[in-house]
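**Student:** Before we start, here is the structure in question, set down as structure tokens.
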Ligand code: SF4
């Protein structure tokens with residue numbers, strides 16, 4: 001994970017503030033990385049004394065901005081991300097877009113994450129100033145330190161202080177993840193009497209209410225327990241992502257395959273809904289594999305819901321209702 005990129009032998013709780021000078025406003029687009037790492041990056045910039053502004057929840061206007069500024073072939077979440085960036089362009093001095101290449105040993109991010117800062121700059125015709133942190137944990141962890149050095153230079157802050165803020169924010173991030181996992185596990189063990197379903201998908205699909213068409217709320221309102229990849233710990237997902245002779249390469253593959261096979265082995269889970277965005281190259285392989293494997297090995301219903309910018313909620317709900325009737 002991202003936390004392996006810097007030595008973490010010092011636990012710090014000192015907040016760093018630069019109240020004496022006017023610090024810039026940093027815009028955080030509420031898409032893609034935001035859904036997993038908002039705690040880390042919001043705290044990092046706050047510890048540096050920056051003002052932090054987060055774009056609004058995804059809405060029609062943001063989606064339209066994104067569609068306008070991206071090529072048709074781009075996947076839906078990247079289009080939406082561009083809409084968020086565009087919505088911040090006149091509100092922030094800099095927009096933060098991390099460059100995630102590899103978040104752990106032997107795991108790589110989707111290529112769209114690797115080139116995200118370049119894509120945004122190109123598609124928005126250089127109307128924005130970007131700050132980026134590069135994470136390449138598999139081969140070049142030192143690149144994170146170098147990119148933090150570049151941030152220090154841009155913001156006029158001592159490099160060591162930026163490193164300290166990063167470590168501090170990382171510690172808080174780890175604590176928050178552990179706490180969230182503990183809560184998810186408790187709710188899983190306490191809820192055996194209710195119908196339980198799992199949602200599979202990228203966090204920027206599942207937790208974005210606009211893109212998911214409030215799928216999670218719809219299920220909860222029907223008194224259904226909902227589990228997601230966040231309900232399973234990191235090690236379990238890595239262990240269970242190998243039911244076949246082969247090797248997963250993408251971190252998304254570990255997350256989704258590991259979750260799918262963990263849920264499939266759990267008798268309490270009555271069905272799985274895979275929420276996939278249009279034009280996701282990784283899902284094209286992962287979902288296909290899960291479907292085939294489920295058919296031959298497991299007796300668990302799987303509903304695939306694909307969302308694009310034209311998807312109507314009525315059709316989405318009809319398919320969901322039919323699935324819920326089937327699983328009872
Ligand atoms: S994993 Fe899929 S949805 Fe996510 S950025 Fe890559 S192509 Fe897009």
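**Student:** For region 296-310, how many residues are out of contact with any strand residue (DSSP E or B) (no Cβ under 9 Å at 6 or more places or on another chain) and either surrounded by 12 or more Cβ atoms within 10 Å (Cβ to Cβ) or more than 30 Å from residue 63 (Cβ to Cβ) (or both)? Walk me through it before giving the result.
**Tutor:** As a first pass, look at region 296-310 and keep what is out of contact with any strand residue (DSSP E or B) (no Cβ under 9 Å at 6 or more places or on another chain): 296-299, 309-310.
With the extra rule that they be either surrounded by 12 or more Cβ atoms within 10 Å (Cβ to Cβ) or more than 30 Å from residue 63 (Cβ to Cβ) (or both), the set shrinks to 296-299, 309.
Qualifying residue count, region 296-310: 5.
**Student:** I would also like to ask the following. Taking region 302-328 on its own, how many of its residues are part of a loop (DSSP other than H, G, I, E, B) and either over 24 Å from residue 286 (Cα atoms) or within 22 Å of the chain's Cα centre (by Cα) (or both)?
**Tutor:** So the first thing to find is which residues in region 302-328 are part of a loop (DSSP other than H, G, I, E, B), and the list is 308-312, 328.
Going one step further and asking which of them are either over 24 Å from residue 286 (Cα atoms) or within 22 Å of the chain's Cα centre (by Cα) (or both), we end up with 308-309, 311-312, 328.
Here the count works out to 5.
Residues checked against (1) away from the ligand (no atom under 13 Å from the Cβ); (2) farther than 23 Å from residue 204 by Cα; (3) surrounded by 19 or more Cβ atoms within 10 Å (Cβ to Cβ); (4) not assigned by TED's automatic domain parsing to the domain that holds residue 251:
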position	(1), (2), (3), (4)
113	no, no, yes, yes
127	yes, yes, no, yes
133	yes, no, yes, yes
136	yes, no, yes, yes
140	yes, yes, no, yes
151	yes, yes, yes, yes
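**Student:** Suppose the filter is crowded, with 17+ Cβ neighbours inside 10 Å and within 25 Å of residue 79 (Cα to Cα); does residue 286 pass it? Reasoning before the result, please.
**Tutor:** On the way: crowded, with 17+ Cβ neighbours inside 10 Å: yes; within 25 Å of residue 79 (Cα to Cα): yes.
Considered against the rule, which asks whether it is crowded, with 17+ Cβ neighbours inside 10 Å and within 25 Å of residue 79 (Cα to Cα), residue 286 comes out as yes.
**Student:** Give me the residue from region 102-111 that is surrounded by fewer than 17 Cβ atoms within 10 Å (Cβ to Cβ) and in a loop (DSSP other than H, G, I, E, B) and, out of that set, farthest from the ligand (Cβ to nearest atom).
**Tutor:** 105
**Student:** Could you check region 246-278 and list, in sequence order, the residues that are within 19 Å of the chain's Cα centre (by Cα) and more than 21 Å from residue 36 (Cβ to Cβ)?
**Tutor:** First pass over region 246-278, keeping only residues within 19 Å of the chain's Cα centre (by Cα): 248-260, 273-278.
Result: 278, single match.
**Student:** Could I ask something else about it? Please work out if residue 89 is more than 16 Å from the ligand (Cβ to nearest atom), farther than 16 Å from residue 28 by Cβ and not assigned by TED's automatic domain parsing to the domain that holds residue 202.
**Tutor:** Spelling it out, it is not the case that residue 89 is more than 16 Å from the ligand (Cβ to nearest atom), farther than 16 Å from residue 28 by Cβ and not assigned by TED's automatic domain parsing to the domain that holds residue 202.
**Student:** Is it the case that some residue within region 196-204 is at pLDDT below 95 and outside the structural domain of residue 79 (by TED's automatic domain parsing)?
**Tutor:** Initial filter on region 196-204 (at pLDDT below 95): 196.
Remaining after also requiring outside the structural domain of residue 79 (by TED's automatic domain parsing): 196.
The answer is yes, given that some residue of region 196-204 is at pLDDT below 95 and outside the structural domain of residue 79 (by TED's automatic domain parsing).
**Student:** If you scan region 116-146, which residues turn out to be in contact with a strand residue (DSSP E or B) (Cβ under 6 Å, 6 or more places away or on another chain), under 21 Å from residue 77 (Cβ atoms) and in a loop (DSSP other than H, G, I, E, B)?
**Tutor:** 128, 132
**Student:** Would you be able to tell me the number of residues in region 64-108 that are in contact with a helix residue (DSSP H, G or I) (Cβ under 6 Å, 6 or more places away or on another chain), under 30 Å from residue 239 (Cα atoms) and touching a residue at least 60 places away in the same chain (Cβ under 8 Å)?
**Tutor:** Going through region 64-108 one residue at a time, the tally reaches 4.
**Student:** OK, next. What's the total number of residues in region 262-277 that are closer than 24 Å to residue 319 by Cβ and either surrounded by fewer than 22 Cβ atoms within 10 Å (Cβ to Cβ) or within 16 Å of the ligand (Cβ to nearest atom) (or both)? Break it down into steps so the answer makes sense when it comes.
**Tutor:** We begin by selecting, within region 262-277, every residue closer than 24 Å to residue 319 by Cβ; these are 263-264, 266, 268-277.
In the following step, the residues that additionally are either surrounded by fewer than 22 Cβ atoms within 10 Å (Cβ to Cβ) or within 16 Å of the ligand (Cβ to nearest atom) (or both) were identified as 264, 266, 268-271, 274-277.
Of the residues in that region, 10 qualify.
**Student:** To continue, here is another question. Can you report the number of residues in region 25-41 which are assigned to a helix (DSSP H, G or I) and either within 16 Å of the ligand (Cβ to nearest atom) or closer than 16 Å to residue 155 by Cβ (or both)? Spell out how you get there, then give the answer.
**Tutor:** First, pick out the residues of region 25-41 that are assigned to a helix (DSSP H, G or I): 34-41.
So of that shortlist, the ones also either within 16 Å of the ligand (Cβ to nearest atom) or closer than 16 Å to residue 155 by Cβ (or both) come out as 34-37, 41.
Count: 5.
The values are calculated or read from the model by the stated rules, or taken from the named source; none is laboratory data. As the structure is a prediction and not an experimental result, all values here were calculated from the model. With ideal geometry, Cβ positions are generated from the backbone for all residues, glycine too; neighbour counts draw on all protein chains shown.
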